[in-house]
There are 2 protein chains.
Amino acid sequence: MARTVKGPDARRERWKGHREQRRAEFVEATIAAVARKGPDVGMDDVAAEAGVSKPVLYRHFTDKSDLYLAVGQKATELLMDRMGPALVADGPIRGRIAGIVDAYLSVIEENPNLYKFVVKGSFVDRPVEKDLVAEDKNLIATTLARILGDYLRSFDMDSGGAEPWAHALVGMVQNAGDWWLDRQTMSRANLSDYLATLIWHAIDGLLRSAGIQADPGQPLTPLRLVD
Amino acid sequence: MARTVKGPDARRERWKGHREQRRAEFVEATIAAVARKGPDVGMDDVAAEAGVSKPVLYRHFTDKSDLYLAVGQKATELLMDRMGPALVADGPIRGRIAGIVDAYLSVIEENPNLYKFVVKGSFVDRPVEKDLVAEDKNLIATTLARILGDYLRSFDMDSGGAEPWAHALVGMVQNAGDWWLDRQTMSRANLSDYLATLIWHAIDGLLRSAGIQADPGQPLTPLRLVD
DNA sequence: AAGTAACCGTTACCTCAAGTAACACTTACC
DNA sequence: GGTAAGTGTTACTTGAGGTAACGGTTACTT
């Protein structure tokens, strides 16, 4: 097992994995502390939750906002792990829409506290430099814009509205999700279906207005001119 | 002008109007300070902007969050003054939608800094007890739900989805507005039209799916069974 | 075996902004 | 003249974020 080429100093590398693991551990502690004491916990609380005292925390995070970002990143992973597949899945357009919407709703349903914590962002005092929520929404909207643009172009339609529409759709699902999280007056499947219906009708209407009769069961890249 | 019935003590009443005016003055100062120094201004900055020192400010606002709420209330007024008429206006449905959307966009276009300040809420350190933004969104969504429900019922359709749809629409317009405020790549009229088109098509699709052929030029309470 | 680079962890401190105490002056009702 | 509201100030307290300074442990390096 002897290293043939000696690296700069093995002592520097020894902890690489450990540090990552420790950060993750503190992220978990933060989530736990928030669940226990509400979103306005202090660094002392987080440290206590992790069974450690404050300076230790500060060896792993430069800052309260650094810790917040780490938690946000964790949440982003949870979200993207679920949304990614739904976004790239192919198949009939109507079903894809429902799948994407439901993927999102399932994540916030399973992690409501984490979701609120990250989105409300009241954990950090000063405005944080990187707005993770905005970045996520942007990423999703950009992806949607591409899908939607492709879809429209497949009918030889103008895809100029794809970007604003994509952002509109993102906001739509998010806000409906927020409302639903607060007062859960219907099942998730029900809401997914309502939203997917709304979205499908909007898209269908766009096509109709261009004189195209689309079918919700059509695969994504449908009717592309075969010539 | 002598009072016949003597009130408890006129000295108590003497300032009633004055206090209101003073609060408004500090609200303005806050907006100015934010415009000048970014959203993370301190109370000292606000006081300085008003040409006064901190304790004076605290005679009129119990709290930083109290001041924030006052600014938010001011913003709500601006918004509702513009949206109220658009919401209650009657006329063809397609035009009403465009009017409502454009009313909203016009407000955020004219007060982008105030808008971001209130929505991001990074002025207050701890979570504030009253979420004005959520309340506004709720108010608008509730109104929309009523309008939409009435519209659907006028076709004898099930209006069960009206509430989630209303919240979805609110989020949709807000998020598209945020995107547009950031990178203004199109005119307001253009965006309004894109969004109104999307919304109209969604509604139209709902009606179609129930076998009803609607006309975007129809007045709001259309085709009610005349029998 | 000695040295050292990375971590473990602590208590006690610093800093900065929110918020308050205490004091002095002004106005106009009683 | 007394007093209830306001005007304003400087100087303080408080609390949470963040740091200094100290000592111990492990395991790589020489």
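The values are calculated or read from the model by the stated rules, or taken from the named source; none is laboratory data. Just so you know, these numbers come straight off a predicted model, no measurement behind them. Virtual Cβ from ideal backbone geometry, glycine too; neighbours counted across all protein chains shown. Note: areas computed on protein heavy atoms with side chains; ligands, DNA, RNA excluded. Shrake-Rupley method; radii C 1.70, N 1.55, O 1.52, S 1.80 Å.
Annotation for segment B:111-128: at least one member residue is in a helix (DSSP H, G or I), more than 10 Å from chain A (Cβ to nearest Cβ), open to solvent by less than 30 Å² (accessible area, probe 1.4 Å) and without any contact (Cβ under 8 Å) to a residue 60 or more places away in the chain.
A Cβ distance below 8 Å, combined with a sequence gap of six or more or placement on separate chains, defines the contacts here; from segment A:175-191, residues that are within 16 Å of residue A:111 (Cα to Cα) and touching a residue at least 40 places away in the same chain (Cβ under 8 Å) reach residues that are of a type in the set (Val, Ile, Thr) and in a helix (DSSP H, G or I) in the pairs A:177/A:108; A:181/A:108.
Every test in (1) within 21 Å of the chain's Cα centre (by Cα); (2) more than 10 Å from chain B (Cβ to nearest Cβ); (3) among the acidic types (Asp, Glu) is passed by residue A:163 save one, and that test is (2).
Within segment A:175-197, the residues that satisfy the criterion of being open to solvent by 20 Å² or more (accessible area, probe 1.4 Å) and either touching a Gly at 6+ places or on another chain (Cβ under 8 Å) or not assigned by TED's automatic domain parsing to the domain that holds residue A:133 (or both) are A:178, A:194, A:197.
Just so you know, in segment A:25-68 the residues that are of a type in the set (A, V, I, L, M, F, W, C) and surrounded by fewer than 19 Cβ atoms within 10 Å (Cβ to Cβ) include one that is nearest to DNA strand D (Cβ to nearest atom), and it is A:43. Being more than 12 Å from every other protein chain (Cβ to nearest Cβ) and surrounded by 16 or more Cβ atoms within 10 Å (Cβ to Cβ) is a property that residue B:140 lacks.
In segment B:193-210, is there at least one residue being more than 8 Å from every other protein chain (Cβ to nearest Cβ) and of a type in the set (S, T, N, Q)? There is no residue in segment B:193-210 that is more than 8 Å from every other protein chain (Cβ to nearest Cβ) and of a type in the set (S, T, N, Q). Residues in segment B:73-94 that are open to solvent by 50 Å² or more (accessible area, probe 1.4 Å), assigned to a helix (DSSP H, G or I) and not aliphatic (A, V, I, L, M): B:73, B:74, B:77, B:81, B:82, B:85, B:94.
Only one of the numbered conditions (1) at the interface with chain A (Cβ under 9 Å from one of its Cβ atoms); (2) under 27 Å from residue B:138 (Cα atoms) is not met by residue B:188, and that is (1). Of B:199, B:147, B:140, all but one fail to be under 14 Å from the mean Cα position of the chain (by Cα) and over 27 Å from residue A:125 (Cα atoms); the exception is B:140. Checking each residue in segment B:100-125 for being within 16 Å of DNA strand D (Cβ to nearest atom) and at pLDDT 95 or above picks out no residue at all. In this structure, does residue A:169 turn out to be in a helix (DSSP H, G or I) and over 26 Å from residue B:189 (Cβ atoms)? So residue A:169 does not fit the description; no.
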